[in-house]
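Trainee: The structure follows.
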């Protein structure tokens, strides 16, 4: 089961992807398993020498009670130090951004986030991509 950020491939040109771990609370894991995630406005940012995912909405668990989590809290991403340093250098030099593509559980049951190093598309680039997609669909239908 994977939850995808559908807007990411439309709004950004994906240059590189990376699988990272997420530091989650128990009720967050249960909400993710229940497909209660919204990627709207989500991005990754650096704080000091650590990487965090910001504005990722994970709905409160229905049976969580007083132990429930804050739906939009800052969540730490788990990477090796050299991976963080490499990403930080690329983001600072080239004007790129880090965008989440999907959340899934690996074969060991751990929650993972597919993070993309991406460059934002301009409106004319988005329109051109939509035209190409429409032409490709028409050719497939014939």
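Trainee: Residue separation times 0.36 nm, minus the C-alpha to C-alpha distance between residue 107 and residue 81: what's the value?
Mentor: Values: separation 26, 0.36 × 26 = 9.36 nm, distance 2.43 nm.
Separation in residues times 0.36 nm, less the Cα-Cα distance, equals 6.9 nm.
Trainee: Any idea how far apart residue 90 and residue 73 come out in nm if each label point goes 7 Å out from Cα toward Cβ?
Mentor: 2.9 nm
Trainee: What is the distance in Å between the Cα centres of the range 71-142 and the range 14-51?
Mentor: Each part's Cα centre sits 12 Å from the other's.
Trainee: Still on this model: List the relative contact order of the chain as a percent without decimals, with contacts defined as Cα pairs under 8 Å and 6+ residues apart. List each step's numbers first, then the result.
Mentor: Working: 228 pairs, mean separation 46.3, N = 142.
Dividing the mean separation by the residue count of the chain yields 33 percent.
Trainee: What FRET efficiency do you get for residue 2 and residue 62 if R0 is 22 Å and r is their Cβ-Cβ distance, rounded to the nearest 0.05?
Mentor: Numbers: r = 22 Å, r/R0 = 0.99.
The value I calculate is 0.50.
Trainee: Test of understanding: extend the Cα→C-beta vector of residue 15 to 7 Å, then name every residue of the range 44-74 with backbone N under 17 Å from that spot.
Mentor: 44-46
Read the figures in this text as sums done on the coordinates, not as results from a lab. The shown structure was predicted, so the numbers you read here are calculated from the model rather than taken from an experiment. Positions of Cβ are generated from backbone atoms using ideal geometry, with glycine treated the same way; all protein chains shown enter the neighbour counts.
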